[in-house]
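The values are calculated or read from the model by the stated rules, or taken from the named source; none is laboratory data. In this text the structure is predicted, and so the values were computed from the model without any measurement. Backbone-built Cβ (ideal geometry, glycine too); neighbour counts: all protein chains shown.
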């Protein structure tokens, strides 16, 4: 897979290193020539290419050949730049998948398909969800959103009074546009089947649509 990462800071270089490590072809586009010189001279991340260019400008971003990328990742420290890069990648170069970093949580509402963003990542929102997931029992906690928030990955730790306690998944009556993707019981993770029985204390990871979320909440939480 070919990945173009716009932003050569700590976040961009870390992502690049991890993707290159598992065999992807990665290019970092960075506007700061000193940062590019640092990466090229030190060969960091190892195996990753660098390009000094402004990804917000079509005439410069084209040098990265984003039209041949499978994914463009916009992870600069400026939300406005990340939105512009996402829009350029999607509209000018038809990139199949655009992932964007949200620096200021107040700007989250902007990061949607209108700006070419397929997936947005807000660290504060993600940390909040993970903290809530760690301390909440009997609450459906949203972990991640996809497709302009139309699809959500959520988690619930079943409470003793949950309607799902002691029932097999096939007997829960889950909506067709939802699915249980994992059951965590202690240190054991189960990829569930229809006959998998869930019990109080189990952590249930579900994929739901916006329309099915409330029905799933009633089934798993009550």
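Numerical summary
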quantity	calculated
Any hit, segment 110-123, residues being more than 17 Å from residue 146 (Cα to Cα) and assigned by TED's automatic domain parsing to the domain that holds residue 37	no
In segment 47-60, the residues that are without any contact (Cβ under 8 Å) to a residue 40 or more places away in the chain and either farther than 16 Å from residue 80 by Cβ or touching a helix residue (DSSP H, G or I) at 6+ places or on another chain (Cβ under 6 Å) (or both)	47, 48, 49, 51, 52, 53, 54, 56, 58, 59, 60
Residue in segment 40-54 that is within 24 Å of the chain's Cα centre (by Cα) and within 18 Å of residue 115 (Cα to Cα) present	no
Condition check for residue 155: on the phi < 0 side of the Ramachandran plot, outside the structural domain of residue 96 (by TED's automatic domain parsing) and at pLDDT 90 or above	no
Residue match in segment 62-71 (condition: over 17 Å from the mean Cα position of the chain (by Cα) and closer than 24 Å to residue 154 by Cα)	no
Helices (runs of 4 or more DSSP H) (entirely within segment 25-135) containing at least 1 residues that are in contact with a strand residue (DSSP E or B) (Cβ under 8 Å, 6 or more places away or on another chain) and under 30 Å from residue 221 (Cβ atoms)	123-135
Residue count, segment 194-222 (criterion: under 12 Å from residue 154 (Cβ atoms) and part of a loop (DSSP other than H, G, I, E, B))	3
Filtered residues of segment 161-192 (kept if in contact (Cβ under 8 Å) with a residue 24 or more places away in the chain and over 25 Å from the mean Cα position of the chain (by Cα))	161, 162, 163, 164, 165, 166, 167, 168, 169, 170, 172, 173
